[in-house]
Number of protein chains: 2
Amino acid sequence: MEPHLFSPARNPSDNVTKRELYRVAARLFKEKGYRATSMQDIANALGIQKASIYYYIRTKQDLLTAIARAAMEMLVAEGERIAAAPLPPEEKLRELLRSHVRLICSNLDLFTVSLREFTPVNAGDHWREVVALRDRYEALLRAILREGMEKGVLRRLDEKLVGFAFLGMVNWTIRWVDPAGEKSPEEIAAAWEDLFLHGVRAEGGGAAVPPNARNG
Amino acid sequence: MEPHLFSPARNPSDNVTKRELYRVAARLFKEKGYRATSMQDIANALGIQKASIYYYIRTKQDLLTAIARAAMEMLVAEGERIAAAPLPPEEKLRELLRSHVRLICSNLDLFTVSLREFTPVNAGDHWREVVALRDRYEALLRAILREGMEKGVLRRLDEKLVGFAFLGMVNWTIRWVDPAGEKSPEEIAAAWEDLFLHGVRAEGGGAAVPPNARNG
């Protein structure tokens, strides 16, 4: 495409897609922090005029929320697919772990912003709508753990604490993973499957045991 | 102590300790975020004049760094004590898990700021000095894992990935734990000991196996 003669910036008609906007904003929010990133910074990175951004999104907070929501919606969509699959609970857990690691590694900026920059302070009134998605995902995870405990294929552990261990282990990836580094998402997931499944699996199955009453 | 007649604020001689300053600043950085908290906010919360804060600390960034360093120094001190103790590696791992959970839960504001607000952007030139402490702690953890694998009491897994699983599981606590909630630090640590040790422990010990060459 030829550059415009009288303006270095593009028009909305130059097809900045929402996807491109989110991708560029997520990268900047990750690198500079949400607070320190201005709409002007985002416009510059996209090569459009600042005013043109408002064609796509109303406020910087809406942009943050859209990014955080996109990450959580991916997790929930995968989680619902896996929860509904005709698989034993142990396999569902394995699939969930793989899909969660893969999603983070292939959308690192998006998940970093969602997990680090989307705080109650930065999110304001939008906090609850995204937390509702996060809660849905956590409920899916716990339901799989509970199913496994009830069927006796997983050990009878506190499912909330096991769930938080799973989420912490996986979400912490944003803090250390290097997309160009030595570990592929598949290697990371494989090592943790081994560790985590070994940690929760009942030895030789056994009779159905009701899960810990504290977690009702 | 009688309030001052002509000023609602205290003097430096009114004994705001550094500890009190860090505690109040950590609470505000956690609640409002580091960027959105001003030195004026901190002075107000302490009941001193803004100018008096500079008696204790030079910049807001120095304050952030002092808080992050305090958290990491606690971890390293405990880690070094445990690493040097005459305990088998499995017991060291258990002790490290307990001490890490306990430190986070009893210093939640400090650790939340250290792990969430102390980012490269916010830390600036101070980033490296605190990361050096974090690296020391991670090296201690990996050395314990390696010792266990070499002695055949822990399974031969990728020690970096097992280390990150440990750190993620434990550090993620800042995201969900409620100091007034139903789970005590002891209950959290006990459940994770069970999960994590079960996940890494070799069955019935065995011959010494060299750890994965990738982790050398």
query: From the list A:Ala189, A:Ala123, A:Ala180, which residue is hydrophobic (A, V, I, L, M, F, W, C), out of contact with any Lys or Arg (no Cβ under 6 Å at 6 or more places or on another chain) and assigned to a helix (DSSP H, G or I)?
result: A:Ala123
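A quick yes/no check of all residues on (1) among the basic types (Lys, Arg); (2) more than 30 Å from B:Leu115 (Cβ to Cβ); (3) part of a helix (DSSP H, G or I); (4) at pLDDT below 95:
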site	(1), (2), (3), (4)
A:Ser7	no, yes, no, yes
A:Tyr55	no, yes, no, yes
A:Arg69	yes, no, yes, no
A:Pro86	no, yes, no, no
A:Ile104	no, no, yes, no
message: Any residue that is farther than 30 Å from A:Ala25 by Cα, surrounded by fewer than 21 Cβ atoms within 10 Å (Cβ to Cβ) and touching a helix residue (DSSP H, G or I) at 6+ places or on another chain (Cβ under 8 Å) - is there at least one of those in the range A:118-131?
response: no
message: Restricting to the range A:146-188, name every residue that is modelled with pLDDT under 95 and either at positive phi or touching a Gly at 6+ places or on another chain (Cβ under 6 Å) (or both).
response: A:Gly152, A:Val153, A:Leu154
message: Kindly evaluate A:Arg58 against the criterion of being open to solvent by 30 Å² or more (accessible area, probe 1.4 Å) and under 13 Å from the mean Cα position of the chain (by Cα).
response: no
query: Of all residues in the range A:167-181, which are open to solvent by 20 Å² or more (accessible area, probe 1.4 Å) and at the interface with chain B (Cβ under 7 Å from one of its Cβ atoms)?
result: A:Trp172, A:Trp176
Residue satisfying all of: in the range B:189-205; farther than 28 Å from A:Glu182 by Cβ and more than 7 Å from chain A (Cβ to nearest Cβ); modelled with the lowest pLDDT among these: B:Gly205
field: Options A:Glu90, A:Glu78; residue that is open to solvent by less than 50 Å² (accessible area, probe 1.4 Å) and either among the basic types (Lys, Arg) or at pLDDT below 95 (or both)
entry: A:Glu90
query: In this structure, is A:Glu138 assigned by TED's automatic domain parsing to the domain that holds A:Ala191 and either touching a residue at least 60 places away in the same chain (Cβ under 8 Å) or open to solvent by 50 Å² or more (accessible area, probe 1.4 Å) (or both)?
result: no
- request: Under 6 Å between Cβ atoms, at least 6 apart or on separate chains: pull out the pairs that start in the range B:91-111 with a residue that is closer than 14 Å to B:Asp178 by Cβ and assigned by TED's automatic domain parsing to the domain that holds B:Phe196 and end on any residue that is among the charged types (D, E, K, R) and assigned to a helix (DSSP H, G or I).
  value: B:Asp109/B:Arg27; B:Asp109/B:Lys30
- request: Give the residues of the range B:151-166 that are part of a helix (DSSP H, G or I), open to solvent by 10 Å² or more (accessible area, probe 1.4 Å) and at the interface with another protein chain (Cβ under 7 Å from one of its Cβ atoms), sorted by residue number.
  value: B:Phe164
- request: Hey, could you check the range A:31-47 for residues that are assigned to a helix (DSSP H, G or I) and more than 14 Å from chain B (Cβ to nearest Cβ) and say which is surrounded by the fewest Cβ atoms within 10 Å (Cβ to Cβ)?
  value: A:Gln40
message: Need pairs with beta-carbon distance below 8 Å; first residue in contact (Cβ under 8 Å) with a residue 12 or more places away in the chain and under 16 Å from A:Asp158 (Cβ atoms) and within the range B:169-186, second assigned to a loop (DSSP other than H, G, I, E, B) and open to solvent by less than 50 Å² (accessible area, probe 1.4 Å); sequence gap 6+ or separate chains.
response: B:Met169/A:Trp172; B:Val177/B:Lys183
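The values are calculated or read from the model by the stated rules, or taken from the named source; none is laboratory data. Quantities reported herein were computed from a predicted structural model and do not represent experimental measurements. Neighbour counts run over all protein chains shown; Cβ positions are idealised from the backbone, glycine included. Calculation scope for accessible area: heavy atoms of the full protein, side chains included, ligands and nucleic acids excluded. Shrake-Rupley method; radii C 1.70, N 1.55, O 1.52, S 1.80 Å.
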